[in-house]
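Data block below; observations after.
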2 protein chains.
Amino acid sequence: MDFALVIGYLASLCSVTSFIPQVWKVVKTGDTAAISARMYALTVTGFALWSAFGMMRGEWPIILTNTICFCLSGFILLKKLRR
Amino acid sequence: MDFALVIGYLASLCSVTSFIPQVWKVVKTGDTAAISARMYALTVTGFALWSAFGMMRGEWPIILTNTICFCLSGFILLKKLRR
């Protein structure tokens, strides 16, 4: 068994579980007033780059966590920029 | 040149640059009212596990990003729990 992979999936679970409720709240309420578009663009870019890094390394915990977070945060950024 | 590593460092830069100002604000003002201790504990655990994962894989972009974020967010969690 690959122990590092188990740690990676646990890390992924923590990140997603702690990030999703915040993001989901914004998606549901549509309230993006508290978000800085510039900072958030950096966050979204970060998730995209981490996803790319994960794909290049073939590390599934990185790929899963960051593609999920990228989609949700990207959706919020689009919402924010449309206002 | 390891292209994935370059992507990893860029990802690291984005994550740290977007996360630090938020965290620094809380560290500086000491205002942790808006933070859910339970959710934040999960965030801190996530950073610790990602750091461990990075160390096991020998991936410096992961190690650097997550140890920095772990220290800052851990400090905030301690502050929050002491109130």
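For n ≥ 4 DSSP H runs only, could you compute -39500 (n - 2.57) per run for chain B, divide by its residues and tell me the 222 nm figure to the nearest 500?
Calculated from helices alone, the mean residue ellipticity at 222 nm is -30000 deg cm²/dmol.
Could you state the accessible area per residue of the stretch B:3-82 in Å², with a 1.4 Å probe and every protein chain left in place?
Spelled out: the 1.4 Å probe surface of the stretch B:3-82, per residue, equals 52 Å².
Of A:Lys79/B:Lys28; A:Lys25/B:Lys80; A:Lys28/B:Lys80; A:Lys79/B:Lys79; A:Lys80/B:Lys80, which ones are farther than 25 Å apart at the Cα?
A:Lys79/B:Lys28; A:Lys28/B:Lys80; A:Lys79/B:Lys79; A:Lys80/B:Lys80
Of all the C-alpha pairs in chain A, what % are more than 21 Å from each other?
Result: 32 percent of Cα pairs exceed 21 Å.
If I take every Cα pair under 8 Å that is 6 or more residues apart in chain A, average their sequence separation and divide by the length, what percent do I get for the relative contact order?
Relative contact order comes out at 42 percent.
Could you state how much accessible area B:Asp31 has, in square angstrom rounded to the nearest 10, with a 1.4 Å probe and all protein chains kept in place?
Counting only protein heavy atoms, the figure is 90 Å².
Just to be sure I understand the curve: with the Debye formula and one point per C-alpha of the protein assembly as shown, what is log10 I(q)/I(0) at q = 0.16 Å⁻¹?
Values returned for q = 0.16 Å⁻¹ are -0.93.
For the stretch A:6-83, which whole percent of the accessible surface, found with a 1.4 angstrom probe, sits on carbon and sulfur atoms?
The computed percentage sits at 70.
The values are calculated or read from the model by the stated rules, or taken from the named source; none is laboratory data. It should be emphasised that the depicted structure is a prediction, and the values quoted were computed from it without experimental measurement. Heavy atoms of the whole protein, side chains included, go into the accessibility calculation; ligands, DNA and RNA do not. Shrake-Rupley method; radii C 1.70, N 1.55, O 1.52, S 1.80 Å.
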